[in-house]
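Enquirer: One structure, as structure tokens, below. Some questions next.
The values are calculated or read from the model by the stated rules, or taken from the named source; none is laboratory data. None of these values were measured; they are calculated from a predicted model. Please note: Cβ atoms are built from the backbone with ideal geometry, for glycine as well, and neighbour counts cover all protein chains shown. Please note that ligands, DNA and RNA were not included when accessible areas were found on the heavy atoms of the full protein model with its side chains. Shrake-Rupley method; radii C 1.70, N 1.55, O 1.52, S 1.80 Å.
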Amino acid sequence: VLASLPLQMMLYFNVYYFPVWCLAEGMMLQLKYHLLPWHYQFLLVTAFLTLSLAECCRLYLGYVGNLQEK
């Protein structure tokens, strides 16, 4: 089995730092949301949800791919 240890360590720490980033970004979005025009509000919420979903998929696929050597 030749799983990449540095990649596994980065994924491991990213799993713990991602909720912190998500919480901080959500708080900042909530603080500035009412000050922005509606199109920026839509873009920010869309970007936040897209990045969060992409990060969850990236972490899952990284774990599965690294541990199963895919």
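Enquirer: Hey, can you tell me all the residues within region 7-24 that are surrounded by 12 or more Cβ atoms within 10 Å (Cβ to Cβ) and either of a type in the set (A, V, I, L, M, F, W, C) or in contact with a strand residue (DSSP E or B) (Cβ under 8 Å, 6 or more places away or on another chain) (or both)?
Expert: The answer is 7, 10, 11, 15, 18, 21, 22.
Enquirer: Would you check which residues across region 39-70 are of a type in the set (Val, Ile, Thr) and farther than 17 Å from residue 8 by Cβ and list them?
Expert: 45, 46, 50
Enquirer: Does any residue of region 25-37 turn out to be open to solvent by less than 50 Å² (accessible area, probe 1.4 Å), in contact (Cβ under 8 Å) with a residue 60 or more places away in the chain and assigned to a helix (DSSP H, G or I)?
Expert: no
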